[in-house]
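Data block below; observations after.
The values are calculated or read from the model by the stated rules, or taken from the named source; none is laboratory data. These numbers come from a predicted model, not from an experiment. Counting neighbours? That spans all protein chains shown, and the Cβs are built from the backbone with ideal geometry, glycine included. Just so you know, the surface numbers come from the protein's heavy atoms only, side chains and all, with ligands and any DNA or RNA stripped out. Shrake-Rupley method; radii C 1.70, N 1.55, O 1.52, S 1.80 Å.
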Amino acid sequence: MGKNQEIAILNDLVRATCQSTDRCAVAVRACEDGYRKMVIEQLCEDRRLLLVDLIRCLLLRGVPVPEVRKAVVLSPPAAIPVVDVDVIWIDIEIAEKRLHQALRAALQDPGLSESVRELLSLHYLRIRLHHDELDGLAAHRSSLVEPQSLARRGVHH
């Protein structure tokens, strides 16, 4: 049962990672701010690296390639009819929180092998680092919103 439990944990992490990656990809396409775009692009890259490691772990545990492909459920790129920075930012925060919780739960699960735990620990540290950056950007969100959208909302600096 240990191998099956570990595969279930890895599949849950794959889903959470795909959701985060998808949300970050949408944000990168919508973002015009140089620094914020750079931070989100780095998040995207980190999630891709995590996804690659999770796929490798699943394959090493004997999960057939078609099942691994089904686990990676990246949705097609979403169209962005109206760019609302706040909505996009909330989507990223929700996806990141879910990924953080799934990763933390996986690391605490006794069904996880030590080698996978060590690998995921590195990704967990990277996620914590970027959460600090995201928190800093969220704190300055009002200065990152375009003046036109602030005027539409009746917000003044």
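How much solvent-accessible surface does residue 125 expose, in Å² to the nearest 10, with a 1.4 Å probe and all protein chains in place?
Only protein atoms counted, so the area is about 120 Å².
Looking only at region 93-123, which residues have a backbone nitrogen under 11 Å from a spot 7 Å from the Cα of residue 129 in the C-beta direction?
So the set is 122-123.
Tell me, what is the 1.4 Å probe accessible area of residue 65, in Å² to the nearest 10?
It works out to around 70 Å².
Report the local net charge at residue 106: Lys and Arg +1, Asp and Glu -1, summed over other residues whose C-beta lies under 10 Å from its C-beta.
Summing Lys/Arg as +1 and Asp/Glu as -1 gives -1.
With a 1.4 Å probe and all protein chains kept in place, how do 37, 70 rank by accessible area, largest first?
Heavy-atom accessible area, descending, gives 70, 37.
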